[in-house]
Structure formats: structure tokens, C-alpha cells
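Inspection log for the structure reproduced underneath, given as C-alpha cells.
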Ligand SMILES: Cc1ncc(C[n+]2csc(CCOP(=O)(O)OP(=O)(O)O)c2C)c(N)n1
Ligand SMILES: Cc1ncc(C[n+]2csc(CCOP(=O)(O)OP(=O)(O)O)c2C)c(N)n1
Ligand SMILES: [Mg+2]
Ligand SMILES: [Mg+2]
């Protein structure tokens, strides 16, 4: 057991996975001597060699396309997209190929790849180093989308992702990389993909969030407890596809109130589906309208700190809405 | 005034737009001598010449990318993607470039392009000639997404799309191309993008649909009227971005019941946002849970007629759910 | 001088026959011939079924048999990999799909071994046979082939990967990215471009500003070759050399076969708007099948009667296959929900 | 013989100076020099501001001044178009951005004329100056340049478009697709590849299997040229020829300038993991600025004092710009909601 940052947990887990299984390899831009721009693969090329730690040419579509081919050849590639913002050139390979290979071949072929990418705002990355992209892919059957928010989850979910027989997108909030630390056991463990976790129990309302927003929500829930003596139940879905609907419904049935917080553009973000399902399925259980907090519907997170701060939901805003909903 | 099919209306409108404005040009695969695989540009190259009717190389990303460049040079390109299924290679150019050019330049640059693409199932196109792709783009601020369902709307919306100073995606349901006919005035007119139309008035429930599903819903509504004497209000949003929320809220406030029908994969399809907003905004007006009918969450529409029929929501299913909701 | 003399001398003895140069035995020649005739006859039957309303959609390979069969035949069945595209009927027959397999797909029957009637016909695949399942979007398979070749090399397997596509496919970004990576990592992959001068209706001059796709190989650091796609032996020869090279660590090769498609792009197409009947007629005069047959007869490998017998055999097999497929069951509706994820 | 003789004769008279061959007047030489020195000094100031914590993020152009200024200077300001990438400080200065304009972006102030502090620094653009606003995703601007060139040709305007990118960018599919289209339609575009041997940390050998990016031009049906990026006059000369050619309907040219970046990729990068100090030191010995200054002095175009005076002038302007920018206002939060659609 050791206290680790989110990025360190990911780094160490990949290290163990590489050491334990020759089929695993890593491919992405600058993953070699540079060790990744966020240092996720620091030291890897020295340890595992250039054949297993591939500095890819600057070409995301084929990072995924070649990864699919490697998987077809029996390997287990971990593909790094340097920023989630740069996953879009690979959209075709992910949506048309990775997601559909099993289905279109009637189960004859599979596509066990993992695509890792840092996402999210809060680091002055501007329009092209801040995006949340999970909603695009959560709309695509055939993909699994994991959003680890703690160092502990990151480890267990990454191992599950690697050995999942289907393509898994594994999105890491870059603002959490060093900001979030936690205990991580030394021994191997898996966390099943598709299982939410109640990160904080409560009965006043259910708050659903992941990534940086999860941590904002936990802070706001703590304040709500301290200042108001009301307990918010904070649910981390951990993967947005599959989404753990039973866990969400169970919690909202208990609290009768639901709030969803995400930093992606509000319209058709992941929260849209959550809000819709809660509204449809728990019509008679809800005591208040579902509250959805999302990033504004603008084309991206601006660079200017002033503008970026405006873009991102803040702990204060979240707290205010939590309080209002709790009192509703 | 003449009775025209959907495809003929689109063809003739483009013809008039080309004839009326030298800045307009058309680019896409097989749009030249072939006149488009659905004949949308039949006769164009003979009339307007190869410089204005460009048979593009097989490369969607650059069909859009070059189109953006042409727009930067003062032209008004209409870009044809042969099937909406093949828009994915252009995802990066659409999402990162077209949608953001205005925003990222603080209004200094604009991107007046139109991207046309046939979408939708029901023609035995299998996984790659049947997709609905509007939800991906409806999540992207900066884009407008038009879904014309009648020959009349197709004309007025296409003219608006062309002269809209922002990028417009114009998706045509290929099953409706010849199946749907209607009166189209000879003179020019525009239909503002973002304005829904009540295609059938009623008070028993509100049904929201576009494309092929709109026509299925209209048929089901007619039957509901004939067989049960109940009147469904059928609302065609005509564009899914911007979505005409006032019109939707007004109708649902009146009927107290809402149903959304779309053929795209259900999860995070456009109906998710509609259902969510209705649930959130009209919490006290709803008399029944919102009903959402969508395609199943499988990676695509299978080729086999048996399987395709299973995939697509049918008029009978829609009718049954309408009836149930009306009686609720 | 000396060289020319020696060559003359040799031809005076006996010029080695074309197939001897290509290192093809008579049995192999008959194999090639059988695959080509099978592909053509199956293709013709598919079109007939389409016109009869029994097959809603078919894709034609007619005209491409020389380059498809010639190239695929250079692979080792069972251990090498094929990454074909939708026009490659000749390739998948060589790789081991049967006429029945193909027709099950055309009829969209549940026993379709490639995709269970989920995909349009001609989207083949078979894990067992080493045929990678393909999609419709153009050129996406090229990086798959290259990644697969990387895996093969990584695992120190002796296999090679062959990947086919049309000249239109070379315009896609994925094609470029895959070529580039293949060159950097010298993976055992052979690219075969079936240049039939059109991408649906778009002629080569509107697809690229150059004459030969093969010339692009230089920009990726490996060799490119142009070959006459109507000459099955030449196709075999150049591909076999590339296969040997790849297998011995020499890296990729790009082979461009000049060919022609005789039918419209698919049964949904009408080619009269973009090319003349005359052009098609002229191309048909270079048909790889009669040309090869003339050669075989000339070299006593087959007789006219032998050809007739082969045609009869195939026709019988085809009739049996059609009959079987006609009666085979359709999928059940709920099948549509299966195989989204591992079950 | 006769030719060589004549050449010898001429050199006996007086070999035409390098700049005479390039058809550059002394005033133009001083222009080039001023832009290069300005770019370098501004760049150095930006890094200093970064280290002082006043600029959270900067990108360096140091080392690239020769090819940036040399190429951009071949354009006609006000009517031609620039499609630069983030490293092109030298380009946008030639195109007309001022030091203040650039610094407003670096400080993320609302008056930033390029993007109102919405984008990271070095994402320039100006409709007025014909600089197309760029994004961060690599190579997306290349099709924009080509489409713009198509529009220019379509409108029968005499303008040309110049597009810059790194050697890493050539691996992207968009790059290939744009090259291909440019070749087919012979549009008036000039591609300038600033090959600095690295894409962040990835060396050229892992980016492509070839030595010269310029060699790829043949695969698109137009000319490619390699030029020494440290020789500003050579860069100007080869680019100017390409501009003239494009303007007279001769179509595109791909120019590859061999260059080097002296600083890390950006202020977020640490280059010590992937290249040696020694390598950087050696590259710095070929610095295009001292080299050009030596030439200018040798030909009496400028003196050491003249250089000092220029540096002083720029330093003063820079100080004024920094002072202005330091006090300029930030955006107001609600600005974030503007310019999503036409207002
Ligand atoms: C990405 C994509 N764009 C468009 C299409 C539609 N389409 C199918 S085949 C084809 C032409 C392919 O031409 P080529 O590569 O030369 O192969 P050929 O059919 O001539 O053998 C096109 C445009 C597609 N399938 N995928
Ligand atoms: C599509 C995309 N992928 C990755 C990145 C991250 N990235 C930014 S610059 C860069 C390297 C670019 O190298 P090169 O084109 O050689 O230009 P240089 O920086 O060397 O001038 C990378 C990988 C990006 N911006 N866009
Ligand atoms: Mg072709
Ligand atoms: Mg570089």
C-alpha cells in the first residue's frame, strides 16, 4: 500500500501490466524517450524496449488503426492519444472499426484494445487541450468508456480494461493527475467495468459525477454536511458505458432527488442520458426536477483564466445547487 | 407549384442556388458525371461546369477541409458526403475546425459551409449505409443541424442553410428520398433554421420526430385519430441544433404527455436531450413519464431484412405506444 | 554485346516458358485457372440472381481475376493473412471461402460464415481462414493490415499480411498513415492496389495527378511495382517476390495492378453516365481469363475440353450451392441484439 | 565547354552576389534581417516572461527564423494569404502582426487581435492581414490552404496561398489528402515544411522512413525542393520561384527547409530526455541570424553598429509593447458565451 497520485497509479499499473504479459505494448506520440507528455510512460522504453514502447508518427487515426491490427494479431495494445482533443482524427477507426468488429463479424472477431487519453479542463489548455469527449463515444454501442477518478480506481479499472475482450476507452482527467492522491494497494486487483461506486453516502439527494467534477462534488457534499447537516449521496459511475443504471436508480429511489454534474458541453453530454432515464424510469419517485450542471454550450474551453473559470462548474456553484435541491 | 419527391426538391433547389449565385459550388464523390449516387446533382456538371461541380477524390476529411478553405476564400460550398456513414473521417475537420473557427477567432473568421449527407436505415444498407449521425454533431456547439422531412421544408431549409453564416449539416433521410412527395412552390423562400413545425395538431399527447420516423408517427397519429378518436400533436423540430425548445415546451405543456421517436441508437441519441429537458423543465406539467422510442443500442443496422426490420421502430410499435400514452 | 549474345544463345536452346520463369508448376497453373474461372462464374451467377430479384445487392469482381487470384495465390494458406476489400471475390476464394459461403452472404442467410447476414454481401471475413473481416468505409483496413503485420513480426511468426484496395482508396488519409508506418517499421506486409481506373464514377485523373500509384512507395521508403493485372502469372510473380522479401525481413512492397472492372460499380450503379460502352468493350478484349487460357493451351497445360469440363464442374457445384443457400434459414429478429459485447 | 568558359569569364569580372542572384535589393535584405532579429528578440522575451511567471505558456521559433522569414517574405502583403502553424512567429511578423499583437495573446488580454485570449498563445489569425486563424490539431490547416487556393483560382484573383507545417505534420492523413487535391487541381499554393528533425520528442527516423519530405511531392504530381533553412536568402529564392510559378498558373510546390529548434517544444516541454545538449549546441552554430549578419557585413549592407542600433530600437519597442500589454484589460467572464454563432 502506498499513497500515489492519479498519474503515478496509472504509470505503475501499466508498468506491472507490461512486465506481466508480453502481449501488452504501448503506442502513442512521445511515449518513448519523452515518457509521455504527462510522464505516464516514464522509463518504459528503457525497461521494455522500442518494440514494445512505440513512438508513433503523428497520426491518431492510424494509432488506433494499427492498434486494431495488433489486436487482430493477438497483442494487447495500450494506445495513448496525447490529449483527448486529438482523438477526433481517429473517430472513424474507433466508431466504425473498433466498436463494430465483433458485431459485424457476428462474433468471429474481437478487438481488445485500450485507448488512453487525458481529458478535461482547468489547466489553461484552451480550446484544444481541455475537451471532454466521452459523450461522443458513450453514444456508440460496442465501446466501453471508463472514467477513473481516484488512484485506487485507476489501477483496478486499467487492469480490467486491458483484459476486457472489447475495446475500452480510458479517459483520465488531466487536472486530477497530480491533484488527486490516494492509497493504492501493491497487489493486483480488478474493478469490474460497469460498476458504480457510492463515494459518499447520504439521503438528502443523489449527486452523480466523475472526473474533476466528482472531486468538486465531494467537496461540496462535505460542506453541505458541515454547514447544513444534510448528507448528499455522491455516486461515481466510474464508467459511462456501460452505465450502472441499477446503482443510479437505487440511489435516486432512496433520495428522491438527483443532480448530475459534468464539465462537458451541457447539451447531449452524458448527463442528458442520465437525466432522461431518471425522469423516465423514476417518474413517481422524484420529489424535484432533476438538476443538470454542465459546461456551457460553447465550442471549447477558452485559454484565458477568466474565461476558463467561467466555463468550468465551480465547487461554489455546485454547492449552491446542492443546497437548493436538498431544501426543495 | 409542383408535386416533387424529397430528392427532386433538393436537386431543384440546389440547381436554383447554383444558377443564382456564382459563389456556390458543389463538391463530393461522384457528384459530377454520375450526378451523385442518389442523383441529387444530376445534370449539374453539364450545366455548371467542372470547376463548380467537383468530383472530389475519395477523402472525406479533406472534402470538408477544402470546403472550409473555399469558404475562407469567399465561396459558398455545398459539400456532399456520399453517405452519412462516411462523415466520420471528417469528424475532426467538422468538430475542431468548422464548428470552432468563429469562436476561436473571437468572431474574426466565419465558416459558411453546408454539408449534405443521406442518412438513415430502411434501404438494406447494412451497418455502413444506414447510420443516423445527428446526435454526434448536435453535441457540438457552433454547428447547425438541419433534418428536413418534407419536400417543402427541404427547399426552404436548404436556402437558409446556404446563406447561414455558420456551418450547417443538412441530413436527408435516404428512405424518404422517393417515398415522400409533396407540393413545392416554384418561387424562392426560406424557412428559418431552428423553428419547429407542428405537422399535426392534437391535445392527447405530443410526439416529436423527424425523418422517416416523422412519417411513421404521422401515420400512427392518423390511425389513433381514426380508431380511437384521440389526436396526437406531431412536432417536427426540422433542425436538431438549434432545437426549438419553446415550441416543444409549449406543445408538451398543452398535452402534458411527450413521446420522442428516433431511429438512431437510443442511448444519447437526440431524444435523450429532449427527454431530459422536458423532464427537467416541465416537471409539474407532465402527467406521464416521457416515452422514448429509439433504435436498439447495437453497433449498426444489420443488412438482413429480418434484422433490419427488428432494428427500426415500426409504425405499429409507435402506434401501440402512442395509444398507451394517450390512455395513461 | 556478350550479354545479348548469351541471351540469343539461350533462346536458341529453348526460351524458358513464362510460367517457368515465374516458378509455377503445371498443377499451380491449373489452380490459378480454376480460381479465376470460379470467381468469374460465381460473379456472373450473383448478377443473374440480382436481376431475378433474389439478391438485392451484389458487387462485381469481373475483370479483376488476374490480379486478385495471382496475388492471393502467392500467400501460404492457413498461416498468412488476407485483408481484402469488397471487390476481392478472387482473393477470398483462394483464401478458402467456398461458393456456398459467399452465396450465404448474398442471400443474407443466418449461416453466412462471414458475418451472419449482418453486413452487405462482399464483406467477407473468417478468423479460421485468416481473412480479416472488412467494413465498408474505404481504406480503414490498410492500418489494420499494417498493425497485424507488426504483431506478426513482434511474435516472430513467419507469416506475412497482404492487403488489397482500389486506386480510389489511396486518396484517404488512412492509406497514407498506414504506408508511412509500414515503411518506418519494415513490417511484413504487401499492399496490392487494384487500379481499375475508376472509383465508382471518378476517373483516375480526378483522383490523383500521377500516372502510377506505385510511384508513391518511394515517399514511404519502400519499393513499388506496376504490373499488368490482366496477366495472372505476372501478378503472381511480382507478388511472390514481395512475399518472399517480406518474409525474410525485407519489409513492405506496394504493387499496383492495372486492371478494369467490366460491370458497374455495384448492382446499384449505372455506369453509362461516366464511361462509354466502347471503353468497356475494349477493356474486355484484354480479359485475363481467355488470355491465360490461350497460354495454357499453347503450353499444353489444358485443352479446350479440359476447360469445358472445369466449367461444367463449377456449374454443378454452383447449382448445388444455390440450391442449398436458397433453402437455408434466415436469421431470427433477436439475433440483432447479439455480439455487441462478449457474451 | 563554351558554357563553362562563359561562367568563368563572368566570375572573373565579378561573381554576382548571392542576393543579386536571389534578386534581393539592399532594402529587402535589411527587411529580412529586421524581421529575423525581431522574431528572435520577441521569442527570447516571451521565454523570459514565462520564467517570470507572467506568461503561462509560450512556443519558441528560435532557429526557424531563416525559413520562416525567407519564405513569408516572398508573398505580397495584403493580397496573398498565410496559413501558418504555431511555430511561425517569423511568418506572422512578416505578414504584419506587431510585437504588441503577439504579446496580447501571450498575456491572454482581451485586446488580443487574433482570438481575444480564447486560444493558447501562438494561435494567430487576422482576416485583415490575410493570416488564417489556426487551431492546435496538427495538419488541419493544410486542406484549408488548398481550398482557399482553389477559391482564389476560381475567382481569378492573382493571389497565392502559403502554408507552413512541421515534418511531423506530414504523417497526418489530412496532409496527404490536401497534397493530393492540390496536385489534381493545380491550385496556387506553396507548402513549406519546416523540418526541424523532431515532432516534440519523436525524431524524424521514427516519423518517416525517408530522408527528405520534399521527395513526396512527386507522388502528388508536383515539384519538391529541399533548402537550407538556415540560409534566409536561399529560402527566399526557392519560395519566390514557387510563388511566381503558382501565380502564373503553374500549380503547387512543396518546399522543405532543413532547420532546427533551439528551445524545447514549448515551455511545457523538457527536451533533455530526447536530445543531447551537444546536439543543440552544434545546431546553434548554424544559427541563421549570425550567418546572415556576416553576409550583410561582408557585402557592406550593414555594420556592427547598424546591428546594435537595430537591436536597441527593437528592445525599446519591445519594452513599450510589454508595458502596454501588462496594463491591458483581461476579458470579462461572459465573453466566453459570445461568437458561438453569428450575433
Ligand atoms: C470513406 C468512404 N467514402 C465513400 C465510400 C463510398 N464508396 C464505396 S466504393 C467507392 C469507390 C472506391 O473506389 P476504388 O478504391 O478505386 O475501388 P474500386 O471500387 O474501383 O475497386 C466509394 C466512393 C465509402 N465506402 N467509404
Ligand atoms: C492531431 C494532433 N496530435 C497531436 C498533437 C500534439 N502535438 C502538438 S505539436 C506536436 C509535434 C509537431 O511536430 P512537427 O509537425 O514536426 O512541428 P514542430 O513542433 O517540430 O515545429 C504534437 C505531437 C496535436 N497538436 N495535434
Ligand atoms: Mg477503382
Ligand atoms: Mg518538427
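Within region D:132-145, is there a residue that is within 16 Å of ligand 4 (Cβ to nearest atom), away from chain C (no Cβ under 11 Å), under 24 Å from residue C:138 (Cβ atoms) and surrounded by fewer than 24 Cβ atoms within 10 Å (Cβ to Cβ)?
Checking region D:132-145: at least one residue is within 16 Å of ligand 4 (Cβ to nearest atom), away from chain C (no Cβ under 11 Å), under 24 Å from residue C:138 (Cβ atoms) and surrounded by fewer than 24 Cβ atoms within 10 Å (Cβ to Cβ).
Looking only at region B:223-266, count every residue that is out of contact with any strand residue (DSSP E or B) (no Cβ under 7 Å at 6 or more places or on another chain), part of a loop (DSSP other than H, G, I, E, B) and more than 30 Å from residue B:159 (Cα to Cα) and tell me the total.
4
Step by step: first the residues of region D:150-170, then only those that are touching a helix residue (DSSP H, G or I) at 6+ places or on another chain (Cβ under 7 Å) and away from ligand 2 (no atom under 11 Å from the Cβ), then the one that is nearest to the other protein chains (Cβ to nearest Cβ). Which residue is that?
Residue satisfying both the conditions and the ranking: D:151.
Report, by residue number, each residue of region A:267-305 that is touching a residue at least 12 places away in the same chain (Cβ under 8 Å), part of a loop (DSSP other than H, G, I, E, B) and surrounded by 21 or more Cβ atoms within 10 Å (Cβ to Cβ).
Scanning region A:267-305 gives A:267, A:268, A:269, A:290, A:298, A:299, A:300, A:301, A:302, A:303.
When only residues in region A:141-159 that are in contact (Cβ under 8 Å) with a residue 60 or more places away in the chain and in a loop (DSSP other than H, G, I, E, B) count, which is nearest to the chain's Cα centre (by Cα)?
Here the residue is A:147.
Give region C:180-200 a look and list any residue that's out of contact with any strand residue (DSSP E or B) (no Cβ under 7 Å at 6 or more places or on another chain) and away from ligand 4 (no atom under 16 Å from the Cβ), or say none.
Once the filter is applied, which keeps residues that are out of contact with any strand residue (DSSP E or B) (no Cβ under 7 Å at 6 or more places or on another chain) and away from ligand 4 (no atom under 16 Å from the Cβ), region C:180-200 yields C:181, C:183, C:185, C:186, C:187, C:198, C:200.
Being within 23 Å of residue D:259 (Cβ to Cβ) and at the interface with another protein chain (Cβ under 8 Å from one of its Cβ atoms) is the filter here, so list the residues in region D:171-184 that pass it.
The answer is D:171, D:172, D:174, D:175, D:176, D:178.
Are any residues in region B:112-129 at the interface with another protein chain (Cβ under 10 Å from one of its Cβ atoms) and either in a loop (DSSP other than H, G, I, E, B) or without any contact (Cβ under 8 Å) to a residue 24 or more places away in the chain (or both), and if so, which ones?
Within region B:112-129, B:112, B:113, B:123, B:124, B:125, B:129 meet the criteria.
If we scan region D:307-326, do we find a residue that is in contact with a helix residue (DSSP H, G or I) (Cβ under 8 Å, 6 or more places away or on another chain) and farther than 19 Å from residue D:93 by Cβ?
Looking through region D:307-326, none of the residues is in contact with a helix residue (DSSP H, G or I) (Cβ under 8 Å, 6 or more places away or on another chain) and farther than 19 Å from residue D:93 by Cβ.
Give the number of residues within region A:67-93 that are touching a strand residue (DSSP E or B) at 6+ places or on another chain (Cβ under 7 Å) and within 23 Å of residue D:167 (Cβ to Cβ).
Within region A:67-93, residues that are touching a strand residue (DSSP E or B) at 6+ places or on another chain (Cβ under 7 Å) and within 23 Å of residue D:167 (Cβ to Cβ) number 6.
Filter region B:276-295 down to residues that are more than 8 Å from chain A (Cβ to nearest Cβ) and in contact with a strand residue (DSSP E or B) (Cβ under 7 Å, 6 or more places away or on another chain) and give me whichever is farthest from residue A:104 (Cα to Cα).
B:293
Whether any residue in region A:63-76 is in contact with a helix residue (DSSP H, G or I) (Cβ under 7 Å, 6 or more places away or on another chain), under 30 Å from residue D:109 (Cα atoms) and more than 7 Å from chain C (Cβ to nearest Cβ) is what I want to check.
no
Can you name the residue in region D:256-294 that is closer than 29 Å to residue D:16 by Cβ and in contact with a helix residue (DSSP H, G or I) (Cβ under 7 Å, 6 or more places away or on another chain) and, of all such residues, is farthest from the other protein chains (Cβ to nearest Cβ)?
D:293
In region D:179-194, how many residues are surrounded by 24 or more Cβ atoms within 10 Å (Cβ to Cβ) and either within 16 Å of ligand 1 (Cβ to nearest atom) or part of a strand (DSSP E or B) (or both)?
Of the residues in that region, 8 qualify.
Are any residues in region D:152-173 closer than 27 Å to residue B:24 by Cβ, buried (at least 24 other Cβ atoms within 10 Å of the Cβ) and more than 20 Å from the chain's Cα centre (by Cα), and if so, which ones?
D:152
How many residues are closer than 26 Å to residue C:148 by Cβ, assigned to a helix (DSSP H, G or I), within 14 Å of chain D (Cβ to nearest Cβ) and within 16 Å of ligand 1 (Cβ to nearest atom) when one looks only at region C:196-255?
Matching residues across region C:196-255 total 3.
What are the residue pairs meeting all of these: first residue in region C:58-69, first residue within 14 Å of another protein chain (Cβ to nearest Cβ), second residue within 12 Å of ligand 3 (Cβ to nearest atom) and at pLDDT 95 or above, Cβ atoms under 7 Å, and 6 or more apart or on different chains?
Qualifying pairs under 7 Å: C:59/C:86; C:59/C:87.
Could you check residue A:45 against (1) surrounded by fewer than 22 Cβ atoms within 10 Å (Cβ to Cβ); (2) in contact (Cβ under 8 Å) with a residue 24 or more places away in the chain; (3) over 16 Å from residue C:185 (Cα atoms) and say which number it fails?
If we test residue A:45 against (1) surrounded by fewer than 22 Cβ atoms within 10 Å (Cβ to Cβ); (2) in contact (Cβ under 8 Å) with a residue 24 or more places away in the chain; (3) over 16 Å from residue C:185 (Cα atoms), just (2) comes out false.
The values are calculated or read from the model by the stated rules, or taken from the named source; none is laboratory data. Here the structure is a predicted model, which is why all the values come from computation and not from measurement. Here Cβ is always computed from backbone atoms with ideal geometry, including for glycine, and neighbour counts include all displayed protein chains.
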